[in-house]
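I have placed the structure first, in the form of C-alpha cells, so that the comments after it can refer back to it.
The values are calculated or read from the model by the stated rules, or taken from the named source; none is laboratory data. Values in this document were obtained by computation on a predicted structure and should not be read as measured data. Here the Cβ positions follow ideal geometry from the backbone for every residue, glycine too, while neighbour counts run over all protein chains shown. Note: areas computed on protein heavy atoms with side chains; ligands, DNA, RNA excluded. Shrake-Rupley method; radii C 1.70, N 1.55, O 1.52, S 1.80 Å.
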Amino acid sequence: MDKITIRAMAKINLGLDVLGRRDNGYHEVKMIMQTIDLYDTLIFEKKREEGIVIEANHPMVPCDESNLVYQAASLLMKKHKIDSGLKITLEKRIPVAAGMAGGSTDAAAALVGVNRLFDLQISTEELKEIGVTIGADVPYCIDGGTALSEGIGEILSPLPTPAPCYVVIAKPDLSVSTAYVYGNLNLKEIVHPDIEGMIEAIKNQNLQQMCAKMGNVLETVTEKKYPVITELKKLMKENGAVNSMMSGSGPTVFGIFDSLQRAKNAAQEAEKTGFCEQIAVTVFAPKAQVVEE
Ligand code: ATP
C-alpha cells in the first residue's frame, strides 16, 4: 500500500464534568463523548525522501512539527524505525480551536493511518497508549462513537448510540484556548451535571431525558467571557432544539433536534446573525475514522 485516505471525525461533549485537578496540572474529567459526522480528510502517502511533509489548507493549522499529525506519525515511525518518507495532506473542515477535538482526531487518524500504511500491526490498545502522550482526547478519538471518558480522558467505557437526532453546530468567529479555560475554572463554583443520569437516558434511548441531563462545567469560564455563546444557545432553543450547549472548552455551540426541518431552520437563523464562522447540520456517527476506498 502506498497511499491511504482517512476521514477523521469531530466530537461533541453531551456532558462534561470536572472532578478535580491533579498535582501535575491535569484535570480529572467525567465526560460523555459523541462522534459527529463532520470530518477532516487526511491523505497519507509514502515518499522516497526521508522525513514527514505536511500540507494543510487552514491558516491556523501549522505545517511543521507542532502539528499533532506530525507528532503522531513521527512517534510511530521512530518507534518502528521506518526510514521511508511520508507526505500528509490535511483538508480541515472541523473548526479549529473550537472544542471539537479537531487536532486530537487528526492525530488519532495519523496513528491509525501510519499503522496501516506501513503495515506495523500495532494493536488499538497500544495506539491509544501512544495517543495519550499526544493529547488526553486522542485515545477516545481512536475509537470514537459514544463513550464515557474518565481519568484525564484516557479511561473509556463505550456506550450505545443514543436515540437518533440531528445536530446543529455553530462556531462563533472567535478562538478559545483549552488551556486558558481549564486554567480559569473555579472548581468550587461549579454545579456538577448528572452524568450517570445521562448514561441511563442513553441506554434507554430517551432523547428528551438525555437532553435534559446535558451540562458542561466549562461554560462557567467560556460563556462568561463570550456572551455570544449564550445568544447562540438561546437561538437554538427558540428554533426548536430539544436542548443546546457549548462543546468542550468552546466556543462551538450545538443544538440537538428531533426534526431535520427544525435543525435546518435553526442553522439558517444562526447564519443570519453574522457572527458565526461555520455552521453545519449533521448527525451522530458510530466511529471516529472512515477509510475512503
Ligand atoms: P479540543 O476540543 O481537544 O480542546 P480544540 O478543537 O479546542 O481541541 P484544536 O482544533 O485541536 O482545538 O486546535 C488547537 C490548536 O492546536 C490550534 O490553535 C492549532 O494551531 C494547533 N494544531 C496542531 N495540530 C492541529 C491539527 N491537526 N488540527 C487543528 N489544530 C492543530
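With the requirement that a residue be closer than 25 Å to residue 145 by Cα and open to solvent by 60 Å² or more (accessible area, probe 1.4 Å), what does the range 180-212 give you?
Hits for the range 180-212 are 192, 194, 196, 200, 203, 204, 205, 206, 208, 209, 212.
Of the numbered conditions (1) surrounded by fewer than 24 Cβ atoms within 10 Å (Cβ to Cβ); (2) more than 23 Å from residue 193 (Cα to Cα), residue 270 fails exactly one; give the number of that condition.
(1)
Given the options 154, 125, 129, name the one that is more than 22 Å from residue 4 (Cα to Cα), away from the ligand (no atom under 15 Å from the Cβ) and among the acidic types (Asp, Glu). It would help to see each step written out before you state the result.
Working: 154 fails: away from the ligand (no atom under 15 Å from the Cβ); 125 fails: more than 22 Å from residue 4 (Cα to Cα).
Criteria check complete, one pass: 129.
Please go through the range 210-223 and pick out each residue that is touching a helix residue (DSSP H, G or I) at 6+ places or on another chain (Cβ under 9 Å) and either without any contact (Cβ under 8 Å) to a residue 12 or more places away in the chain or over 14 Å from residue 14 (Cα atoms) (or both).
Once the filter is applied, which keeps residues that are touching a helix residue (DSSP H, G or I) at 6+ places or on another chain (Cβ under 9 Å) and either without any contact (Cβ under 8 Å) to a residue 12 or more places away in the chain or over 14 Å from residue 14 (Cα atoms) (or both), the range 210-223 yields 221, 222, 223.
So which of 256, 229 is touching an Asp or Glu at 6+ places or on another chain (Cβ under 6 Å) and either surrounded by fewer than 16 Cβ atoms within 10 Å (Cβ to Cβ) or not basic (Lys, Arg) (or both)?
Only one candidate passes the filter, namely 229.
What is the one condition in (1) buried (at least 17 other Cβ atoms within 10 Å of the Cβ); (2) part of a strand (DSSP E or B) that residue 277 does not satisfy?
Condition (1) is where residue 277 drops out.
Could you name every one of the helices (runs of 4 or more DSSP H) located completely within the range 185-235 that has at least 3 residues being more than 29 Å from residue 158 (Cβ to Cβ)? Reasoning before the result, please.
On the way: elements: 195-203, 207-212, 219-225.
Correct list: 219-225.
Mind listing just one residue for me: the one in the range 41-60 that is in contact with a helix residue (DSSP H, G or I) (Cβ under 8 Å, 6 or more places away or on another chain) and buried (at least 18 other Cβ atoms within 10 Å of the Cβ) and, of those, farthest from residue 120 (Cα to Cα)?
Applying the filter and picking the extreme gives 54.
Checking residue 162 against (1) within 16 Å of the chain's Cα centre (by Cα); (2) part of a loop (DSSP other than H, G, I, E, B); (3) surrounded by 19 or more Cβ atoms within 10 Å (Cβ to Cβ): exactly one of these is not met. Which one?
Looking at each condition in turn, residue 162 falls short on (1).
Is it fair to say residue 167 is in contact with an Asp or Glu (Cβ under 9 Å, 6 or more places away or on another chain) and within 21 Å of residue 31 (Cα to Cα)?
yes
Which members of the range 31-60 meet the condition of being away from the ligand (no atom under 16 Å from the Cβ) and either out of contact with any Gly (no Cβ under 8 Å at 6 or more places or on another chain) or closer than 30 Å to residue 189 by Cα (or both)?
37, 45
Filtering the range 82-107 down to residues that are among the small types (Gly, Ala, Ser) and more than 26 Å from residue 172 (Cβ to Cβ), which residue is farthest from the ligand (Cβ to nearest atom)? Quick ask: steps written out before the conclusion?
Within the range 82-107, the subset among the small types (Gly, Ala, Ser) is 84-85, 97-99, 101-104, 107.
Adding the requirement that they be more than 26 Å from residue 172 (Cβ to Cβ) leaves 84-85.
Values: 84: 22, 85: 19 Å.
Filtering the range 82-107 for residues that are among the small types (Gly, Ala, Ser) and more than 26 Å from residue 172 (Cβ to Cβ), the one farthest from the ligand (Cβ to nearest atom) comes out as 84.
Only one of 221, 290 is in contact with a Lys or Arg (Cβ under 7 Å, 6 or more places away or on another chain), open to solvent by 10 Å² or more (accessible area, probe 1.4 Å) and not assigned by TED's automatic domain parsing to the domain that holds residue 136. Can you tell me which?
Step by step, each of 221, 290 is checked, and only 290 is in contact with a Lys or Arg (Cβ under 7 Å, 6 or more places away or on another chain), open to solvent by 10 Å² or more (accessible area, probe 1.4 Å) and not assigned by TED's automatic domain parsing to the domain that holds residue 136.
Please indicate, with yes or no, whether at least one residue in the range 256-272 is touching a helix residue (DSSP H, G or I) at 6+ places or on another chain (Cβ under 8 Å) and part of a loop (DSSP other than H, G, I, E, B).
Yes: the range 256-272 contains one or more residues that are touching a helix residue (DSSP H, G or I) at 6+ places or on another chain (Cβ under 8 Å) and part of a loop (DSSP other than H, G, I, E, B).
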